[in-house]
Amino acid sequence: MRPKIPSRRTLLAVTLSALVLSAAVLSCLDRKIPVRGESAPIAESPAAPLVREQWAGFGLPVRLRIPKIGLDAAIRHVGLTPEGAVDVPKNQDEAAWFDLSPLPGERGSAIITGHYGWKGGKPSVFDDLHKLRKGDRVQVEDDGGMTVNFVMRENRRYDPDAEAPRVFDSGDDKAHLNLITCEGNWDEATGSYSKRLVIFTDRE
């Protein structure tokens, strides 16, 4: 019996009920000017750490692998910023699991974000995410050495201010993993890109 799961999922639903993608992922770097800094400050997650024993069967995610694009990256754990946005990884070559979402492999929609664009002459972890196609595999390794496999179902592009509840909750009680990053044209005024790219995957 896992009595804490419903309350955790309820908290996620309440927290994200009015969250739009402009606040949900601020992980865009400017591809045009390599020396530009992040488009949003990065803060330590204020969320309380998870107790692994609560989630028997799945450990905390530590690595993300996507063979199609040669991605093999560390996964950091982030929560919400003081402003209520989903936090992002400190380094552009790392991905970040949103720790108010389910563990990858659990029922519900686990969320992993990553930077897009160049900084300091270096690329970011999700620069090639747009190359994924239906049927491509995404793998998440946990801290116990277990790998959970997911298969891409579809990709969608959203305006930054679009409400996108299905990104955070599929509603079908199955296990999903959704990857979020930026795409589109760089907007100097907002310091961000014109679109948010979401890769929807299902547990294999």
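The values are calculated or read from the model by the stated rules, or taken from the named source; none is laboratory data. Since the structure is predicted, the reported quantities are computational estimates derived from the model, not experimental observations. Here the Cβ positions follow ideal geometry from the backbone for every residue, glycine too, while neighbour counts run over all protein chains shown.
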In contact (Cβ under 8 Å) with a residue 40 or more places away in the chain, β-branched (V, I, T) and either in contact with a Ser or Thr (Cβ under 8 Å, 6 or more places away or on another chain) or not in a loop (DSSP other than H, G, I, E, B) (or both), is that true of V140? yes
Boolean, V167 is within 21 Å of D99 (Cβ to Cβ), at pLDDT 90 or above, surrounded by 14 or more Cβ atoms within 10 Å (Cβ to Cβ) and not basic (K, R): no
Just the residues that are of a type in the set (A, V, I, L, M, F, W, C), part of a loop (DSSP other than H, G, I, E, B) and more than 13 Å from H115 (Cα to Cα), please, taken from segment 79-102. A85, L100
Among (1) among the aliphatic types (A, V, I, L, M); (2) under 17 Å from R196 (Cβ atoms); (3) crowded, with 19+ Cβ neighbours inside 10 Å, which single condition is V140 missing? (2)
State all residues of segment 108-127 that are assigned to a loop (DSSP other than H, G, I, E, B) and either polar (S, T, N, Q) or surrounded by fewer than 16 Cβ atoms within 10 Å (Cβ to Cβ) (or both); if no residue qualifies, say none. G120, G121, S124
